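Presented below is the structure to which this report refers.
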Amino acid sequence: MSESWFLNLETVYAVTGAVLFVFAVMTFRDKGNRHRYGSGLFWLLLAVAFGFGGVLPHWVTGMLVLVMVGIDGLKRVSIGSYDETKHEQQVEHASRLKNKIFLPVIAIPMVTFIFALAFRIAGLDSSAVNRAALIGLVVGGIVAMILALRITGSTTRTLFQEGRRLNDAIGSLSLLPQLLASLGVIFTAAKVGNLIAGGIQSIVPENSLFLLVLANCVGMTVFTIVMGNSFAAFPVIASGVLVPLIVKPFGVDPAMVAILTLTAGSSGTLMTPMGANFNIVPTALLNMKDQYGVIKFQLPFALTIWSFHVLLMWILIKTL
Amino acid sequence: MLLPEWFKLAGVFIVVIGFALKLRTTLVVVAAALITGLIAGLPLFTMPGQEGIVNMLGRAFSENRLMTLFLITLPAIGLAERYGLQEQSAALIRRARAATVGRLSILYQLFRVLHGFLGLRLVGHAPFVRPLIFPMSAGAAETKGEVDAEKLEQIKAANSASENYGNFYGQNLSVVQPGILLVYGVMKGLGYEVSLWRLILFTTPIVLLSIVLGAVQFLHLDRRLNVTAKKNG
């Protein structure tokens with residue numbers, strides 16, 4: 001069962017690609033969009049890269065990405081027109097449909113949750129559980145579409161127009177998490193991390209435990225800010241700083257310092273636009289004016305909890 | 001190429017400057033990737049024994065499509081909004097007098113920590129925050145007074161932050177979560193076989209701290225929203 005088509009992520013990518021294809025066709029035909037050909041081409045290429053990413057040679061996908069970024073760089077990705085409803089109409093619908101309108105949006109998290117939970121209980125390995133949550137998200141999206149159509153009595157055309165309205169509001173930012181992942185791969189191939197770890201090794205005095213702990217946490221956080229992801233930073237810092245400079249010479253508990261180093265990095269993730277899927281995509285999803293609004297809100301929290309990491313690590317090394 | 005090692009940091013500088021000047025984000029990131037790769041002497045396209053930059057770009061893009069799957073939820077959310085989702089959320093929450101932006105954010109963060117503890121991994125901005133938590137929070141704020149654009153920004157930021165706080169720290173509470181497995185794997189590779197349960201033991205104070213700090217920040221936001229609401233009458 002574990003490798004059936006149903007549990008295959010390529011299937012859900014193809015479904016999502018098909019939705020993007022519908023958005024692309026609607027965009028090409030939308031005379032209210034200032035750059036309908038540029039925007040339409042952008043969404044069409046994304047549909048192809050999404051739906052066929054598993055079968056296309058990687059260099060072809062890479063070229064598609066470069067063209068998409070080029071179109072966006074020339075500012076040819078713009079929002080369209082969607083026959084939007086007035087606020088009074090929405091209030092009127094709300095008083096008619098009452099709480100039934102929640103059914104589709106509750107279906108999305110419910111189905112996601114049920115899929116993840118079912119595979120967790122079935123005792124599959126963690127990668128299958130992760131996949132199940134993603135498949136659940138897509139199945140949930142489809143179930144929600146069906147429920148929304150049933151409850152509102154609206155047309156499929158309006159359904160996708162409304163989807164396109166939200167999609168256009170996010171625009172090219174939806175590419176960003178994937179582009180940043182690519183940047184991470186290239187940073188790793190270019191050994192940028194080793195450079196950072198080497199820099200720390202050459203600055204910090206070898207006998208001052210507190211300064212070493214501080215440098216370890218600074219290094220982890222800075223590298224996370226650069227990579228946008230503490231998981232990418234941890235192997236570099238653990239092998240370049242934590243183990244050779246702290247665990248080995250001082251004989252400290254490796255489990256304690258390792259997990260605290262990882263979550264010290266989480267502060268970096270909270271502070272960086274490189275963590276786009278956590279910090280930038282939500283601002284687009286929620287139509288925020290300030291692209292860095294979420295990061296600014298998280299900043300005091302991130303700095304406070306980071307300081308506690310340094311202190312806690314140092315105190316635990318001293319007392320354990 | 002005989003460039004000094006530190007030239008490889010050019011990509012990092014491009015990103016920092018590009019983000020600071022709010023240049024076209026997609027372009028900045030791809031430029032940084034191309035320049036870093038070229039300085040490191042990587043070929044543009046794959047040659048025998050060496051993966052090319054464009055190939056890496058395509059491979060990483062394909063392997064990370066999961067990050068963009070949330071697009072599939074947009075049609076249903078959009079249609080529900082057209083038929084009064086936000087208005088009905090507001091109407092519902094107006095009846096729950098105890099609900100505030102801060103309390104909803106705290107509750108949601110706890111809910112996400114619970115996910116982590118149960119070994120469930122997901123990013124909740126698309127499935128939870130956009131369709132449910134934000135409309136409920138906006139509705140709760142409306143019961144306390146006028147909600148202007150500035151306040152709305154703060155509410156959106158707080159809701160998004162509560163998702164990140166709950167997700168980042170809560171996920172380390174289960175041995176099936178990738179963070180714990182990553183630490184275990186890396187440390188084993190470096191010659192230290194650590195106990196998974198000890199990792200969870202030492203992350204617990206941080207999880208508790210994240211809940212307390214989050215609560216402090218969210219309740220502070222409630223007070224700020226209230227003060228300005230009263231000032232504006």
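Taken together, the values in this text are just the output of simple stated rules run on the coordinates, not laboratory data. Here the structure is a predicted model, which is why all the values come from computation and not from measurement. Here Cβ is always computed from backbone atoms with ideal geometry, including for glycine, and neighbour counts include all displayed protein chains.
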- How many percent of the alpha carbon pairs in the stretch A:118-260 exceed a separation of 22 Å? 62
- Note on the structure: Beyond 31 Å (Cα-Cα) in this structure, taken from A:191/B:188; A:75/A:98; A:100/B:144; A:75/A:191; A:98/B:22, we find A:75/A:98; A:75/A:191; A:98/B:22
- So what is the relative contact order of chain B, in percent, for Cα pairs below 8 Å that sit 6 or more residues apart? 18
- Item | Highest to lowest packing among B:125-137, A:155-167, A:66-78, scored as the average C-beta count within 10 Å | B:125-137, A:155-167, A:66-78
- Query: Which log10 I(q)/I(0) values, to two decimals, does the protein assembly as shown give at q = 0.09 Å⁻¹ under the Debye formula with one point per Cα?
  - Reply: -0.68
- Message: With Kirkwood's inverse mean 1/r over C-alpha pairs for Rh, give me the Rg to Rh ratio of the stretch A:1-157, two decimals please.
- Response: 1.04
- Task: Any chance you could tell me what percent of the C-alpha pair distances in the stretch A:84-154 go past 21 Å?
- Result: 40
- Item | Gyration tensor over alpha-carbon atoms, the stretch A:247-309, equivalent ellipsoid semi-axes in Å | 32, 11, 7
- Task: Give the order of A:108, A:151 when sorted by the count of other beta carbons within 10 angstrom, beginning with the fewest.
- Result: A:151, A:108
- For q = 0.16 Å⁻¹, what log10 I(q)/I(0) does the stretch B:1-112 give under the Debye formula with an equal point scatterer on each alpha carbon and no solvent? -0.92
- Message: Taking each pair of distinct Cα atoms in chain A once, what is the resulting Kirkwood hydrodynamic radius in Å?
- Response: 22.7
- Query: Hey, what does the equivalent ellipsoid look like for chain B, semi-axes from the Cα gyration tensor as sqrt of 5 times each eigenvalue, largest first, whole Å?
  - Reply: 40, 25, 18
- For the stretch B:72-110, which trypsin sites (Lys or Arg not before Pro) are in a loop by DSSP, counting at most 13 other Cβ atoms within 10 Å? B:97
- Note on the structure: Here, residue A:9 and residue B:175, labelled 7 Å along Cα→Cβ, have an inter-label distance in nm of 2.5
- Task: Could you give me the percent of Cα pairs per 10 Å distance bin for the stretch B:168-233, shortest bin first, beginning at zero and ending with the bin that holds the maximum distance?
- Result: 19, 32, 19, 14, 10, 5, 0
- For the stretch B:90-134, treating each Cα as an identical point scatterer without solvent, what Debye log10 I(q)/I(0) comes out at q = 0.14, 0.21, 0.23, 0.27 1/Å? -0.39, -0.77, -0.87, -1.04
- Send over the Kirkwood Rh of the stretch A:1-81, from the inverse of the averaged 1/r over different Cα pairs, rounded to one decimal Å. 13.4
